[in-house]
Amino acid sequence: MNLIEDKGYTYEDYALWDDDIRYELIDGIAYAMASPSRLHQKTSGKLFTQFSNFLKGKSCEVYHAPFDVRLNFNTFDNTVLQPDLLVVCDESKLNDKNVVGAPDMVIEILSSSNTRHDTVIKFRLYQMAGVREYWIVDPARKIVEVYILKNLKYVRRIYSHDDIIPVHILKGCHINLADVFYDIESPDNIEPAIKHKIIETLKETGASNDQIEKVIKKLEN
């Protein structure tokens, strides 16, 4: 993500910009978005397919980027994001051009250029806006961090490459990660910092030592 100019832009400015270049607007500051990688696109497509199949004939709808989300449209209207995937269950939030307000669910897929953006900056914005479920997908390591909003704070769980994730906001919906990551090569090992992060998160959820060891072995295989 490249900073364009430190200026107090709003959605009114954003709507006039060249559609050939993708931007996100965060607290009035514009960022140019890098083109997604092949791995990113494959992962997005597989997730979209599972959500789309489940939601056929239901009231909630799934969308993929580029589709604008105006998180604070009713105040400063200076934050416009383009999540990789999003689910909206309130039709009144949708128009032909964008989503006004917080989607019910957002999925961001990590790449080398957006890790901090998705795990820190967007995390804060989605939590403050009231996005009920936020997934951070790391296709390179076949890991999905799931954040569920409880008492205005996100509670995290981590899932690995062959787990089935229950979607909190969609009763009966389960996403099979084996169908998402099946053709992605596993890394040779897990970086110590990543392993430590996973262990600490599992401890927070009350996992036993045996359960923690099982998850680490899955990720190393």
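Values in this text are rule-based calculations from the coordinates and carry no lab data. Note that the coordinates shown come from a computational prediction; the quantities given were computed from them, not determined experimentally. Because the Cβ atoms are built from the backbone with ideal geometry, glycine has one as well, and the counts that use them run over all protein chains shown.
Mind checking the log10 I(q)/I(0) for the range 50-178 at q = 0.11, 0.14, 0.16 Å⁻¹? Debye, one equal scatterer per Cα, no solvent, two decimals.
Taking Cα atoms of the range 50-178 as identical point scatterers yields -0.36, -0.59, -0.79.
Could you check the spin-label model distance between Asp210 and Ala15? Points 7 Å from the Cα along Cα→Cβ, value in nm.
Computed distance between label sites Asp210 and Ala15 equals 5.9 nm.
State the antiparallel share, in %, of DSSP beta bridges confined to the range 36-186, rounding to the nearest 5.
Close to 75 percent.
Give me the three principal axis extents of the range 85-155 from the C-alpha atoms, as integers in angstrom, largest value leading.
For the range 85-155, the Cα spread along each principal axis is 37, 30, 19 Å.
With respect to the cross-link table entries Lys97/Lys153; Lys150/Lys214; Lys93/Lys150; Lys97/Lys122; Lys7/Lys56, which display a Cα-Cα separation exceeding 31 Å?
Listed pairs above 31 Å: Lys7/Lys56.
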